[in-house]
Amino acid sequence: MKPSHTEEGAVTAEFAVALPAVIFVLTLVLGASSLGLSQMQLEDCARVALRAVVRGQNHDDIMRVAHQNAPHATIRLEQQGYNYTVHVSRPAPGVLGELTGWVLEAEAQGTAEKAWAN
């Protein structure tokens, strides 16, 4: 059976209408995945930097190790006695980050080994 003259091009028109929605959903899914991966990277960076801190490594080594794990992150160290906190943050990547202005953050807390030696 041959399609009537009025139905010719209907599939093409429907596809043209649906394509932007498919691209939008795909962009959201990929953007959310990128945000999740970046957040995991920041959390790993905070843990690695804290491990270096509590082992007593010097400040330059701590920052080098931290920036190897999260090159575009801002790293801040806090100390209260033998307790340390590492704060890591960076702007959210990709289109979602640019549109929303979100800042991803992670932190890790621990006690220096010297506190246990006393």
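The values are calculated or read from the model by the stated rules, or taken from the named source; none is laboratory data. In this text, all values refer to a predicted model and were calculated from it rather than measured experimentally. Ideal geometry is used to build each Cβ from the backbone, glycine not excepted, and the neighbour counts take in all protein chains shown.
Annotation note: of 86, 103, the sole residue that is hydrophobic (A, V, I, L, M, F, W, C), within 30 Å of residue 23 (Cβ to Cβ) and touching a residue at least 12 places away in the same chain (Cβ under 8 Å) is 103. Within the range 34-70, if we keep just the residues that are of a type in the set (Gly, Ala, Ser), surrounded by 15 or more Cβ atoms within 10 Å (Cβ to Cβ) and within 15 Å of the chain's Cα centre (by Cα), the residue that is nearest to residue 98 (Cα to Cα) turns out to be 34. Residues that are touching a Lys or Arg at 6+ places or on another chain (Cβ under 8 Å) and not polar (S, T, N, Q) were ranked within the range 8-62; the one that is modelled with the lowest pLDDT is 56.
Is it true that some residue in the range 84-91 is at pLDDT 85 or above, part of a loop (DSSP other than H, G, I, E, B) and either more than 17 Å from residue 48 (Cα to Cα) or not charged (D, E, K, R) (or both)? No, that holds for no residue.
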